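Okay, structure first, notes after.
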Amino acid sequence: MRANTWAGRNKVKVRDVPDPKILNDRDAIVRITSTAICGSDLHLLDGYVPTMQDGDIMGHEFMGEVVEVGRGVDPDRVRVGDRIVVPFPIACGACGACAAKLYSCCENSNPNAGIAEKMFGHPVAGIFGYSHLTGGFAGGQAQYARVPFADVGPLKIEPDLTDEQVLFLSDILPTGYMGAEMCDIQPSDVVAVWGAGPVGQFAMDSARVLGAAKVIAIDKEPYRLQMAERAGHTPVNFEEVDVRSRLLELTGGRGPDKCIDAVGMEASHGSAHVHAYDRIKQAVRSETERPHALRQAILSCRSGGIVSVIGVYGGFLDKFPAGAWMNRALTLRTGQCHVQRYMKPLLQRIERGEIDPTRVITHTLPLDQAERGFEIFKNKQDNCEKVVLKP
Amino acid sequence: MTQLATREAAQARQEDVRRRGRRLGWMSLGLGVAQLAAPDTVRRISGVDDSSASRTVVPLVGARELVHAAGLLTSRRKGIWAWTRVMGDAMDLASLGVAIAHRGGRRRRRLVGVTAAIVGITVVDLLTAVQATRVRRISSAPAVRGLREGGSMELTATTTIRKPPLEVYAFWRDLDNLPTFMAHLEEVRATGDRTSHWSASAPFGKNVEWDAEIIDEATGERIAWRSTGNAAVPNAGTVRFVPAPGGVSTEVHVVMSYDVPGGAVGKAVARYFGEEPHQQLDDDLRRLKQALETGQVVRSEGAPWGKRARKEFPQRPAQPLSDSELSKGPQA
């Protein structure tokens, strides 16, 4: 089959690879009909997430048709011929973390838990196409994929919905939604979202659905801010204005009640020398993150507010504003999305028309053009917001 | 237990050597100060007050003594500094030898006395240096080095499994199950109610087999076993099954000990356990948890052979296996 693979730092390559095979009894093989490039794939692309190897199949947002199931798969949950969306964290459904619905912290699904434990203190779940730290699972930017614990995570989809409407249930829609949910939104809340990429857009939509009074979008790309504005959110361009003063202006001096970091480890900064400081430290690997968005969110949030982090961090950061966080009674909430928790309720919101996931799609390319997809997405060319790949 | 005793003994010995090193340091300090402050007195006592060269040499030797003193009193690495003293002693004895050869009478008698004293000190220095070096070697990287030269090793690990104690106990008590999660085992076969025959897989040393017996057990609570007869790697283990708070899960606490011989088997075992031996046991328990909670050891494309995961780094790429790779299996 054809698959998009990591080929060294800043290089992906679509290659011929063997077809997937059942390795565990509860595996299913899926013929992929739609897959996507995620912002977090960019952290893999440039090598900031460790333990990538040449030839690793990328991709953790995919859906398709079940073509084969292992003998241990519960037929009441999934059968050959089913159309399913696959959540990006692999979860066993039986461990303590899964019982607590902390699916992205599944204690069993990562065969390389030992490395993850070294890096993070405790292991994390396996993730499709997301380095060997999270298990070394082949990803979904391919014609076929093996899906472990097929009777736990995947969600069956009826034929009346298009791929585009449901594909993002695999990651970015639940991730954005969890970012908003962690904010414990009240009707009087102003919610500021750093990053107007696809996850940021869905965090904004979710904040509105959950009842926020006002939602603010912070980014530097005019086309992304326009996209947020068209969806009814208030844009702030950090290259044009001072974010803190603009946020004070927009909130009568209080600061946003809730702040969402949908940027993560590779943020840009309006101030060239601050950016250079972190960029250099990151390039020489003396810190792994460029945490401007997180720092700014903590400094901007009103006292007693919540800072919710859904942007991906991989290691260690410097200059964490612990003073602001502690003295102003802020709450920091975070996590890789526990996708399985949100798929069904969000599917219902899609069916009811409360959220339209298709609004972020700007490009649809054949799988063979994955390389070009990564290039325009990374460099924000051609007003690229979200790339869907068709195998 | 034996390992603990060894470690404690090593620590006591190390402390003893440190104390002696410090004492030598104070002696160096005294000598150095005397040689610098009252060189003429020192020259007279040593019987070299007739030589003009000694006027230069004695303060220099004093300065050198101060260097020894600083090293021995401040550094934790007494071994190296004790060796510098040994070298100093050698220099002193050489110059004393030259001095004796050129003198007679009262001066010669004094020189012989001083030389005898220095020979005594040299013996103490040499002893301290050798012991400090040896203690250091034993106490650094105890497990691995201990293994290479043979020795005993004790590993502990623990995990929590979301199954009742009785079920976890029953899985473990069916000894045939052990190789599914214990990476170093090829096969365990029950030969009687409490006796069994074990064989290790290739990385643990080829053709290592032994018999074992259960020496203590309480249903749902614990199993203790040990190898019997002439095992190449005598070993013993205890596993306890403790209800976790909340009443749903079971804490599994394992202690394993190995008497690792020297030679080829010892080397293979050392290589198998690597730099962080306890991690192998941690991984064994992770797989036990997978087997009990999900029914199987979890496999990925990067780590398709489950229990061999750690030994495969860097792993094969995260892409599907070819048919031939799959049919060849883990030994390919």
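Nothing in this text is a laboratory measurement; each read-out follows from the coordinates by a stated rule. Given the structure is predicted, the values throughout are model-derived calculations rather than measurements. With ideal geometry, Cβ positions are generated from the backbone for all residues, glycine too; neighbour counts draw on all protein chains shown.
Report, in whole Å, the centroid distance computed from the Cα atoms of segment A:309-342 and segment A:104-165.
Distance between centres, Cα-based: 22 Å.
Which one of A:Leu210, A:Gly200, A:Cys106 has its Cα pushed farthest toward the positive end of the charge dipole of segment A:68-225, where Lys and Arg give +1 and Asp and Glu give -1 at the Cβ?
Projecting each Cα onto the dipole axis, the largest value belongs to A:Cys106.
Could you state the principal axis extents of the C-alpha atoms in the protein assembly as shown, from the largest down, to the nearest angstrom?
117, 75, 49
Only Lys, Arg, Asp and Glu count, each charged at its Cβ (+1, +1, -1, -1), so figure out the dipole size of segment A:173-334 about its Cα centre, rounded to 20 debye.
Magnitude of the dipole: close to 240 debye.
How long is segment B:221-309 along each principal axis, judged by its Cα atoms, biggest number first, in Å?
On the principal axes, segment B:221-309 reaches 47, 37, 22 Å in Cα extent.
For segment B:38-55, in order, what is each residue's ³J(HN,Hα) by Karplus, 6.51 cos²θ - 1.76 cosθ + 1.60 with θ = phi - 60°, in whole Hz (x at glycine and Pro)?
These are the phi-based 3J(HN,Hα) values: 10, x, 5, 4, 4, 5, 5, 4, 7, x, 10, 6, 8, 9, 6, 4, 5, 4 Hz.
Kirkwood Rh and Cα-based Rg: tell me the resulting Rg over Rh for segment A:15-142, rounded to two decimals.
Taking Rh as the inverse mean 1/r over Cα pairs, Rg/Rh reads 0.96.
Diagonalise the Cα gyration tensor of segment A:42-117 and give the resulting equivalent ellipsoid semi-axes, square root of 5 times each eigenvalue, largest first, whole Å.
With the √(5λ) rule applied to segment A:42-117, the semi-axes are 25, 19, 11 Å.
What is the spread of the Cα atoms of segment A:205-271 along each of their three principal axes, largest first, in whole Å?
Cα extents, longest axis first: 33, 26, 22 Å.
Counting residues in chain B as N, plug N into 2.2 N^0.38 Å and put the Cα Rg over that result.
Cα-based Rg divided by the globular estimate yields 1.54.
Under 9 Å from the Cβ of B:Gly295, count the other residues' Cβ atoms, weight Lys and Arg +1, Asp and Glu -1, and hand me the total.
-1
For segment A:141-265, how big is Rg over Rh, using alpha carbon atoms and the Kirkwood form of Rh?
1.06
Calculate one ³J(HN,Hα) per residue across segment B:213-219 by plugging θ = phi - 60° into the Karplus curve 6.51 cos²θ - 1.76 cosθ + 1.60, and present them in order as whole Hz with x for glycine and proline.
Listing the rounded values in order: 9, 7, 9, 6, 7, 9, 3 Hz.
How far apart, in nanometres, would the label points at A:Thr334 and B:Asp211 be if each is projected 7 angstrom from Cα along the Cα-to-Cβ direction?
Rounded to a tenth, the inter-label distance reads 5.7 nm.
Starting with the fewest neighbours, write out B:Phe171, A:Phe62 ranked by other beta-carbon atoms found within 10 Å of each beta-carbon.
The most exposed by this proxy come first: B:Phe171, A:Phe62.
State, as an integer percentage, the relative contact order of chain B based on alpha-carbon contacts under 8 Å between residues 6 or more apart.
15
Calculate the dipole size of the protein assembly as shown relative to its Cα centre from +1 charges on Lys and Arg beta carbons and -1 charges on Asp and Glu beta carbons; express the result in debye to the nearest 20.
4000
What is the Rg over Rh value, at two decimals, for segment A:173-334, using alpha-carbon atoms and the Kirkwood definition of Rh?
Looking at segment A:173-334, the ratio lands at 0.94.
By count of other Cβ within 10 Å, fewest leading, how are A:Ser170, B:Ser52, B:Ser257, A:Ser188 ordered?
B:Ser52, A:Ser188, B:Ser257, A:Ser170
A:Phe62's amide H: which non-local residues (gap 5+, or another chain) put their own amide H closer than 5 Å, with H modeled 1.01 Å from N in plane and none for Pro or chain starts?
For A:Phe62, whose amide H was placed from the backbone, the distant partners under 5 Å are A:Val86.
Collect residues whose amide H, placed 1.01 Å from N in the peptide plane, falls under 5 Å from the amide H of A:Arg290; neighbours closer than 5 in sequence don't count.
It is A:Glu266, A:Ala267, by chain and number.
Considering the options A:Gly253, A:His292, A:Val30, tell which one lies farthest towards the positive end of the dipole of chain A, charges being +1 on Lys and Arg and -1 on Asp and Glu at the Cβ, about the Cα centre.
So the residue we want is A:Gly253.
Let me check against my output: what whole-number percent is the relative contact order of chain A, with C-alpha pairs under 8 Å and at least 6 apart?
Relative CO of chain A lands at 18 percent.
Give the separation of the Cα centroids, segment A:1-57 to segment B:23-96, in Å.
About 69 Å separates the Cα centre of segment A:1-57 from the one of segment B:23-96.
Note the full-extension length gain between B:Glu221 and B:Trp26 as 0.36 nm times their separation in residues minus their Cα-Cα distance, in nm to one decimal.
My answer for the length gained is 64.5 nm.
In the P(r) worked out for segment A:295-391, what percent of Cα pairs fall beyond 17 Å?
Above the 17 Å cut-off, segment A:295-391 has 71 percent of its Cα pairs.
As a test, work out the antiparallel percent of DSSP beta bridges whose residues both lie in the protein assembly as shown, rounded to the nearest 5.
Around 70 percent antiparallel, to the nearest 5.
From the phi of every residue in segment A:246-252, what ³J(HN,Hα) in whole Hz does the Karplus formula 6.51 cos²θ - 1.76 cosθ + 1.60 yield, where θ is phi - 60° and glycine or proline is x?
My calculation for segment A:246-252 gives 5, 5, 5, 4, 6, 10, x Hz in order.
Convex hull over the Cα atoms of chain A, averaged projected area in nm²?
Dividing the Cα hull surface by four gives the mean projection, 17.8 nm².
Charges only on Cβ, +1 for Lys and Arg, -1 for Asp and Glu: so what's the dipole of chain B about the Cα centre, in debye to the nearest 20?
2360
To two decimal places, what compactness ratio does segment B:2-139 give when its Cα radius of gyration is scaled by 2.2 N^0.38 Å?
Scaled against compact globular proteins, the figure is 1.21.
Over segment B:145-298, what per residue volume does the convex hull of the Cα atoms give, in whole Å³?
Once divided by residue count, the hull of segment B:145-298 is 102 Å³.
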